[in-house]
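This report concerns only the one structure given below.
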Amino acid sequence: MIKQYETSMYSGYQQEKLIQSDQKSDFSLSLDKNKTYQEVLGFGGAFTEAAAYTFSKMTPYSQEKIIKAYFHPTEGLNYNLGRVAIHSCDFALENYTYVNDHDKSLESFSIERDHQWVIPMVKQAESMRGESIELLASPWSPPAWMKTNNDMNHGGELLPEYYETWAKYYVKFLDAYKEAGINVFALTVQNEPAAKQVWDSCLYTAAQERDFVKNHLGPTLHKHGYKDIKLLIWDHNRDIIVERAKTVLEDPEAAKYVWGTGVHWYVSEAFENLSKVHDMFPDKHLLFTEGTIEGGVALKDFKTGERYMRNMIGDFSNYLEGFLDWNLILDEQGGPNHVGNYCDAPIICDTKNDIVHINTSYYAIGHFSQFLEVGAKRIKSQMTHPYVTNVAFVNPNGDVVVILQNETDNDTDLTVKLGKTTQTIHMNKRSYSTLIIRGEA
């Protein structure tokens, strides 16, 4: 039996469709659930200070609506992952750190600011889900006094004399979040280490990132009891991910500390680069750590959902294991952002009128997260249609889940084949679908 859930530019969001025909079409999708690839870790979004501050301005009724929409296992997107910044990022109210200036001992370290907005939002999400949210933590910049430009913004580099201090800063963060009862399962070395931004940023060459991991961060994490933390390098775009991963992971002394590579979607859609990294280092992992629509709020724009769907299908088809969206929510302007780098989000909050707007990206993510279980494995799929894209999985319960996108302006029929099951489905123009296949003989 096949169930089809379709979102269409013309007919609405995630509607269950009746399968109309057993007649074969000119195009086919063949599935083989005996040929499996990577496992799915899950889905989530970022608890930035901007998101948490916006959340605090909404009424309790709207807060519950937002948290349920994301974290409820059956009535929401079933998010099990999240991301937090290690002190400030651009989606914060200002530059800030957890220590006093020039405190090389880190004795003044405190996450008191995170207890104001970020941690309470995480706690509400965990209460809704009924279990802990697995968090990825990322720094955007060391404190200004640790850097060559004495500025948290505008790039700069970590001064060599502070390599060890900065490595210990991660440990202080992990200790503080553990004490707060928050589970951080993964770290990235640096958010976007090849980007000199007008906001919080820090530049590392591939060799600098390798040596910092090998000689400082990796040993420091292990020394302080965090050898099981999943450490990710790169945390940036697909365009040069191969060269960056190669430099770090070909060094066995650095690679032994690294769990995998983080990827963002800006600049390019060279999805095949993820497979190149996987093929070179098959024992390492790939995690999508950030993507968003830049330039401010674009309410109800169907192209936004299409971009999410295109990128998620492309990355998961090339060994991606999990997807972390950027800000969970933003305000009506697409902020707050302390340098005016406004963006869109799957949920936009009108803080003046206490209105929660659900964007098309929300529904696109749901076509994956609402149907795929943690531990699902990607399976082999062969498509003959020249324009319809797909990725397919088998859940731990045996259900086969197929996500399809028809980004063209033409309706199409497609014959789906799995073992003895053969069924023709209809895809509307400008649509994406999730198929659930049960009972294949």
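The numbers here are math on the coordinates, done by the rules we state, and not lab data. As the structure is a prediction and not an experimental result, all values here were calculated from the model. Here Cβ is always computed from backbone atoms with ideal geometry, including for glycine, and neighbour counts include all displayed protein chains.
For the chain, modelled as a GNM with alpha-carbon contacts under 10 angstrom, which of D151, D354, D315 fluctuates the most?
So, out of D151, D354, D315, the one fluctuating most is D354.
Rounding to the nearest 10 and keeping the result within 0 to 90°, find how far the Cα-based axis of helix 302-316 lies from the longest principal axis of the chain.
Orientation of helix 302-316: about 80 degrees from the principal axis.
Compute the helix-to-body angle for 60-71: its Cα long axis versus the longest principal axis of the chain, expressed 0 to 90° and rounded to tens.
The angle comes out at about 70 degrees.
Could you bin all the Cα-Cα distances of the range 41-371 into 10 Å bins starting at 0 and give me the percent of pairs in each, rounded to whole numbers?
6, 28, 37, 24, 5, 0
Points 7 angstrom from Cα along the Cβ direction at M383 and R438: gap in nanometres?
It works out to 2.6 nm between the two label points.
Kindly write out, for the range 37-53 in residue order, the coupling ³J(HN,Hα) from the Karplus curve 6.51 cos²θ - 1.76 cosθ + 1.60 (θ = phi - 60°), rounded to whole Hz, with x marking Gly and Pro.
Running phi through 6.51 cos²θ - 1.76 cosθ + 1.60 with θ = phi - 60° gives 10, 6, 8, 8, 8, x, 9, x, x, 9, 8, 6, 4, 4, 5, 5, 5 Hz.
Can you give me the Rg/Rh ratio for the range 227-369, using Cα atoms for both radii and the Kirkwood formula for Rh?
With Rh from the inverse mean 1/r over Cα pairs, Rg/Rh is 1.04.
List every residue whose amide H lies under 5 Å from the amide H of G42, counting only residues 5 or more places away in sequence or on a different chain, with H placed 1.01 Å from N in the peptide plane.
Under 5 Å from the amide H of G42 lie the amide H atoms of F323, each far enough along the sequence or on another chain.
Need the list of lysines near K178 for cross-linking: C-alpha distance under 25 angstrom, and skip anything on the same chain fewer than eight residues off.
K68, K104, K123, K168, K214, K223, K227, K230, K256
Let me spell out the model: positive unit charges on the Cβ of Lys and Arg, negative unit charges on the Cβ of Asp and Glu, origin at the Cα centre of the range 97-246. What dipole size does that give, in debye rounded to 20?
That gives the range 97-246 a dipole magnitude of about 380 debye.
Given H placed 1.01 Å from N in the peptide plane, which residues other than close sequence neighbours of L328 have an amide H under 5 Å from its amide H?
Under 5 Å from the amide H of L328: A46, T48.
Take the range 278-361, compute every pairwise Cα distance, and split them into 5 Å bins from 0; I just need the percent in each bin.
Spelled out bin by bin, the range 278-361 gives 3, 14, 21, 20, 15, 11, 8, 5, 2, 1, 0 percent.
Against the longest alpha carbon principal axis of the chain, how many degrees, from 0 to 90 and to the nearest 10, is the axis of helix 360-369 turned?
Rounded to the nearest ten degrees, it is 80.
Most mobile of F185, F47, F316 per a Gaussian network model of the chain (Cα springs, under 10 Å)?
F185
In nm², what is the average projected area of the convex hull enclosing the Cα atoms of the range 300-423? Each step should come with its number before you reach the end.
Numbers: hull surface 40.1 nm².
Result: a mean projected hull area of 10.0 nm².
State, to one decimal in nm, how far the label point of A207 lies from the label point of N353, with both points 7 Å from Cα in the Cβ direction.
5.7
Can you show me the helix-derived [θ] at 222 nm for the chain, built from DSSP H runs with n ≥ 4 at -39,500 (n - 2.57) apiece and divided by the number of residues, rounded to the nearest 500.
For the chain, the value works out to -7000 deg cm²/dmol.
Dividing the Cα convex hull volume of the range 138-215 by residue count, how many Å³ per residue is that?
Spelled out: Cα convex hull of the range 138-215, divided by residues, is 91 Å³.
Project the alpha carbons of the range 363-441 onto their principal axes and report the range along each, largest first, in whole Å.
Principal axes ranked by extent give 35, 30, 17 Å for the Cα atoms.
If packing is taken as the mean number of other Cβ atoms within 10 Å per residue, what is the order of 78-88, 303-313, 251-261, highest first?
The packing order, highest mean first, is 78-88, 303-313, 251-261.
With a cut-off of 8 Å between alpha carbons and a minimum separation of six or more residues, what is the relative contact order of the chain in percent?
Details: 1033 pairs, mean separation 104.0, N = 441.
Once normalised by length, the contact order is 24 percent.
State to the nearest 20 debye the size of the charge dipole of the chain about its Cα centre, where the only charges are +1 on K and R beta carbons and -1 on D and E beta carbons.
Working: 42 positive and 59 negative charges, 223 e Å.
Using only the charged Cβ atoms, the result is roughly 1060 debye.
Step through the residues of the range 269-279 one at a time and calculate ³J(HN,Hα) from phi using the Karplus curve (6.51 cos²θ - 1.76 cosθ + 1.60, θ = phi - 60°), rounding each to whole Hz and writing x for Gly and Pro.
10, 7, 4, 4, 5, 5, 5, 4, 5, 4, 5
Where a Cα-Cα gap under 16 Å defines reach, which lysines qualify for K276, not counting those fewer than 8 residues away within the same chain?
Counting by Cα, and skipping residues close in sequence, K276 has these lysines nearby: K246, K284.
Once the other residues with Cβ under 9 Å from the Cβ of Y319 are scored (Lys, Arg +1; Asp, Glu -1), what is the net sum?
Counting the neighbours of Y319, the net charge comes to -2.
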